[in-house]
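Q: Here it is, the structure, as structure tokens.
The values are calculated or read from the model by the stated rules, or taken from the named source; none is laboratory data. Everything numeric in this text was worked out from a predicted model, so none of it was measured. Please note: Cβ atoms are built from the backbone with ideal geometry, for glycine as well, and neighbour counts cover all protein chains shown.
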Amino acid sequence: MNWVTNGAPENFWLSGFFFTLSFFTGVKQNYSRFNKLPIDSLDFDFEVIPDDSDAYDTSKKPESGCYIYGLFLEGCRFDQD
């Protein structure tokens, strides 16, 4: 009910969604409608933001896309530098 009265939050707890694919589809639909692009031409790009980063203000919504947290990676590695 909070989303109805106050709008969508600034960032989303991804682990809280039962069916995350529908959430990502909704993000793609919003982006494709706003930019008048076919949804089939879009793909996702994820960027890891360090907890101590001042480069991003996650208390405000991004211009496009969304901020998520609670994404767990298993069986992989990455270099944040």
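Q: For the stretch 54-74: of the residues being surrounded by 10 or more Cβ atoms within 10 Å (Cβ to Cβ) and of a type in the set (Gly, Ala, Ser), which is farthest from Tyr31 (Cα to Cα)? Quick ask: steps written out before the conclusion?
A: Looking only at the stretch 54-74, we keep the residues that are surrounded by 10 or more Cβ atoms within 10 Å (Cβ to Cβ), and these are 56-58, 60-62, 64-71.
In the following step, the residues that additionally are of a type in the set (Gly, Ala, Ser) were identified as 64-65, 70.
Values: Ser64: 7, Gly65: 7, Gly70: 22 Å.
Looking at the filtered set, the residue picked out is Gly70.
Q: Let me ask something else about it. For the stretch 56-81, give me the residue count where each residue is out of contact with any Gly (no Cβ under 8 Å at 6 or more places or on another chain) and within 25 Å of Gly7 (Cα to Cα). Steps first, please.
A: Let us first name the residues in the stretch 56-81 that are out of contact with any Gly (no Cβ under 8 Å at 6 or more places or on another chain), namely 56-69, 71-81.
Among the residues that remain, those that are also within 25 Å of Gly7 (Cα to Cα) are: 56-69, 71.
Residues meeting the conditions: 15.
Q: Sticking with this structure for a sec: Which pairs have Cβ atoms under 9 Å, sit 6 or more apart or on different chains, and link a residue in the stretch 40-51 that is closer than 18 Å to Leu71 by Cα to one that is aliphatic (A, V, I, L, M) and at pLDDT 85 or above?
A: Qualifying pairs under 9 Å: Phe44/Val27; Phe46/Ile68.
Q: Select, from Val4, Val27, the only residue that is assigned to a helix (DSSP H, G or I), aliphatic (A, V, I, L, M) and surrounded by 10 or more Cβ atoms within 10 Å (Cβ to Cβ).
A: On the way: Val4 fails: surrounded by 10 or more Cβ atoms within 10 Å (Cβ to Cβ).
Just one listed residue meets the conditions, Val27.
Q: Then there's this: All but one of (1) in contact (Cβ under 8 Å) with a residue 40 or more places away in the chain; (2) surrounded by 10 or more Cβ atoms within 10 Å (Cβ to Cβ); (3) not small (Gly, Ala, Ser) hold for Leu37; which doesn't?
A: With respect to (1) in contact (Cβ under 8 Å) with a residue 40 or more places away in the chain; (2) surrounded by 10 or more Cβ atoms within 10 Å (Cβ to Cβ); (3) not small (Gly, Ala, Ser), Leu37 is out only on (1).
Q: Of everything in the stretch 1-29 that's over 14 Å from the mean Cα position of the chain (by Cα) and not polar (S, T, N, Q), which residue is farthest from Phe44 (Cα to Cα)?
A: Our first condition is that a residue be over 14 Å from the mean Cα position of the chain (by Cα); within the stretch 1-29, this holds for 1-7, 18-19.
With the extra rule that they be not polar (S, T, N, Q), the set shrinks to 1, 3-4, 7, 18-19.
Numbers: Met1: 28, Trp3: 24, Val4: 27, Gly7: 23, Phe18: 20, Phe19: 17 Å.
Ranking the qualifying residues of the stretch 1-29, first place goes to Met1.
Q: To continue, here is another question. Can you confirm whether the stretch 45-60 contains a residue that is among the polar types (S, T, N, Q) and under 12 Å from the mean Cα position of the chain (by Cα)?
A: So in the stretch 45-60, the residues among the polar types (S, T, N, Q) come out as 53, 58-59.
From what's left, under 12 Å from the mean Cα position of the chain (by Cα): 58.
The answer is yes; a qualifying residue exists.
Q: When only residues in the stretch 40-49 that are over 17 Å from Glu10 (Cα atoms) and either among the β-branched types (Val, Ile, Thr) or touching a Phe, Trp or Tyr at 6+ places or on another chain (Cβ under 9 Å) (or both) count, which is surrounded by the most Cβ atoms within 10 Å (Cβ to Cβ)?
A: Here is the first cut: in the stretch 40-49, the ones over 17 Å from Glu10 (Cα atoms) are 40-45.
In the following step, the residues that additionally are either among the β-branched types (Val, Ile, Thr) or touching a Phe, Trp or Tyr at 6+ places or on another chain (Cβ under 9 Å) (or both) were identified as 42, 44.
Working: Leu42: 14, Phe44: 8.
Among residues in the stretch 40-49 that are over 17 Å from Glu10 (Cα atoms) and either among the β-branched types (Val, Ile, Thr) or touching a Phe, Trp or Tyr at 6+ places or on another chain (Cβ under 9 Å) (or both), the one surrounded by the most Cβ atoms within 10 Å (Cβ to Cβ) is Leu42.
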